[in-house]
Each structure stands twice: as structure tokens, then as C-alpha cells.
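Trainee: Pasting a structure below so you can have a look.
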Amino acid sequence: MSDTRSGFVTFVGRPNVGKSTLTNALVGEKVAITSDKPQTTRRAIRGIVNRPGGQLVVVDTPGIHRPRTLLGQRLNDLVEQVLGDVDVIAFCAPATEKVGPGDRRIAESLSGYPRAKKVALVTKTDAATRDQITERLVEVDSLREDWAAVIPLSAVTNDQLDVLSDELLALMPEGPALYDADITTDETLEDRIAEIIREAALHGVRDELPHSIAVTIDDVAPREGSDLTDVWANIIVERDSQKAIIIGRKGSRLAEVGARARVGIEPLVGSRVYLSLHVRVAKEWQRDAKQLGRLGF
């Protein structure tokens, strides 16, 4: 028998309960972008956590929501697929907000995935009072009778993350590691760069615009005879008015996006970066199956 365990865990919950922040904290490196905008996560991003007793593969997924577009429906379908494949599902509810109908609906829906063990997490304890945390633990505990564990934690202060890792690993099947020990994610360099640019573009935009932003990468290449890496990328929006917002007055906002993105990209590529950003319009791409396919959804 193997004395190590390895397997897959995913965090579920309403948008903005801190799933991506928790993924990054467990991995110890930023593998998933974070934002206060709902549905920031658009793909199943795998982060690898190596522990003395084995390996956890954390699959970060979009928040479950009522879809208003074809993209929204595809994101929900992606979550369903992941939930059907993982060994453990960890339901997240923030300590700072009372458990509501959306939380109850998601917790009940987990019965549709009998293969996976279930744990409940009360997140964001760093921002809550002791009374709030206690109240939330009681509310979350009562949502299901089959929780294997109920754990309060903070991804911001790393409080209880070791407890979570140990609990999750104990629930995993016995077996060897699924990834090499030096790998933290199976995302490609281009995917990670695109996500960093999208995170930078999401900063400070409001209303429907966050949902309308996508990013594609044309090329990433070291410049000959230089220590620079050239990155050519496109920010895709759905309307000309959105293009104007992203570019800003005399290109000021696009320059801010570029500066913010370079800070994240340079450690990834290991050199200084020249980032060429173009803003393009793909009309109503969230509702267009052909365009969604081109953008990788």
C-alpha cells in the first residue's frame, strides 16, 4: 500500500467568497487572478500543493451563478464537470456575511456529486468578529449532515491553512503524486500572462464591462541581443464605447493597464518586458458560440 495520498479538490460557493485567494494561499504562489468583480475566474485552473504526506491538486473554478449569457452557461457547465471529477468538494462561505438562499442552494446541489467527500469552510475570518465566526460556523454546519470537516480560516493571514491542507490530504485516495514536485500549476505561460493582463484591465472598471473583457496573446518572445521579452497581446471588448473606456483619455488608462500587468509578468518570464497591448472589439462575444470558441471557451 502507498503511504502517500494525492487527489483533486475544488472550492465552491457564490462569486467573491475568496476561492481564488484561497487557491493562491495554499499553493504559495499566485496561480489564479483575483478581483472584487464576480466571475473573475473563467477556467478550471489547477494549483499544485505539495505536503509531506502527498499532493493536493486544487482546481479553481468560476463561481456558481445564474447565467445571463452563453459564456455564463458554459462557465456553469465547466463547474459541473469539475465537481463530477474531484475527490473532495470544499464549500466556502464568508464569515462576514450571513448564510443566504444562494449558499443553501449550492450546498444542497452537492448531493448531485455523491463520489466526492464534502467539507465546509468559513472564509475571511480575518475580517470578522469572534461572534460572527461562531454564528457562521453554526449556520454552515447545519447546511448538510455529511460534512467531513467544518473549518474556519483566513487566506489573507494564512490562519488555519495547514489544518485545511492536512484535513484535505487525509480525505484523498492513497497514491503517488500526480505532478512533479517543482510544478505549481499546469497553466501555460501564455495563459498565465493573458490572465495577468485581464486582472490589470479589470482594475477599476464597473458595471457590465468586467464581463466583456477577454485577453488573447499573439506572441511571447525574447528580443534578440537584449534582456527584454516582447509580449504582444489583445484586450477584447464587446462595444466601441467599452474600447474607449479601456484606452482612456489619450491612452492613459491603457498605459496604466500595461504598467500594472508588467509587474506581474516580469517575475514569470524572468526578465524585463516590453508589452504591446491592442484593444479590439468583438461584438457581443459572450453570446456568440463561434467567437467563444475562438477565445477558448
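Trainee: Measure nothing fancy, just the Cα-based angle from helix 130-141's long axis to the longest principal axis of the chain, in degrees from 0 to 90, nearest 10.
Mentor: 80
Trainee: Tally Lys/Arg at +1 and Asp/Glu at -1 over every other residue whose Cβ is under 12 Å from the Cβ of Asp240; what's the total?
Mentor: +3
Trainee: Moving on to the next point. Does anything in segment 124-145 have its amide N under 20 Å from the 7 Å Cα→Cβ label point of Asp166, and if so which residues?
Mentor: Those under the cut-off are 125.
Trainee: Considering only the other residues whose Cβ falls under 15 Å of the Cβ of Pro101, what net charge follows from Lys and Arg at +1 and Asp and Glu at -1?
Mentor: Counting the neighbours of Pro101, the net charge comes to +1.
Trainee: Quote the relative contact order of segment 5-171 in percent (integer), defining contacts as alpha-carbon pairs under 8 Å separated by 6+ residues.
Mentor: 25
Trainee: Between segment 164-219 and segment 98-128, how far is it from one alpha carbon centroid to the other, in angstrom?
Mentor: Each part's Cα centre sits 22 Å from the other's.
Trainee: Next up: Along the charge dipole of segment 189-294, which of Ile197, Val237, Leu277 sits closest to the positive end, that is, farthest toward it, with unit charges on the beta carbon of Lys, Arg, Asp and Glu (+1, +1, -1, -1)?
Mentor: Working it through, the farthest residue towards the positive pole turns out to be Val237.
Trainee: Taking square-rooted eigenvalues a ≥ b ≥ c of the alpha carbon gyration tensor, is segment 189-294 rounded, prolate or oblate, where a/c under 1.5 means rounded and, failing that, a/b exceeding b/c means prolate?
Mentor: It comes out prolate by the Cα gyration axes.
Trainee: What is the helix-to-structure angle for 189-202, meaning the angle in degrees between its Cα long axis and the longest Cα principal axis of the chain, kept from 0 to 90 and rounded to the nearest 10?
Mentor: Roughly 80 degrees between the two axes.
Trainee: If contacts are Cα pairs under 8 angstrom and at least 6 residues apart, what is the relative contact order of segment 189-294 in percent?
Mentor: Once divided by the residue count of segment 189-294, the mean separation gives 29 percent.
Trainee: Placing +1 at every Lys and Arg Cβ and -1 at every Asp and Glu Cβ, with all other atoms neutral, what dipole size does segment 5-171 have around its Cα centre, in debye to the nearest 20?
Mentor: 620
Trainee: Moving on. Can you compute the helix-only [θ] at 222 nm over the chain? Use -39500 (n - 2.57) per DSSP H run of at least 4 residues, normalise by all residues, nearest 500 deg cm²/dmol.
Mentor: Helices in the chain give a 222 nm mean residue ellipticity of -11000 deg cm²/dmol.
Trainee: Still on this model: Rounded to two decimals, what ratio of Rg to Rh does the chain give with C-alpha atoms and a Kirkwood Rh?
Mentor: In the chain, Rg relative to Rh is 0.98.
Trainee: Let me ask something additional. Of the listed peptides 246-254, 119-127, what is their order by residue-averaged count of other C-beta atoms within 10 Å, with the highest listed first?
Mentor: With the highest mean Cβ count within 10 Å placed first, the list reads 119-127, 246-254.
Trainee: Considering Cα pairs under 8 angstrom that are at least six residues apart, work out the relative contact order of the chain and quote it in whole percent.
Mentor: 19 percent.
Every number in this text was worked out from the coordinates using simple rules, so none of it is lab data. This one's a predicted model, so the numbers in the text were calculated from it and none came from an experiment. Here the Cβ is made from the backbone with ideal geometry for all residues, glycine too, and neighbour counts use every protein chain on show.
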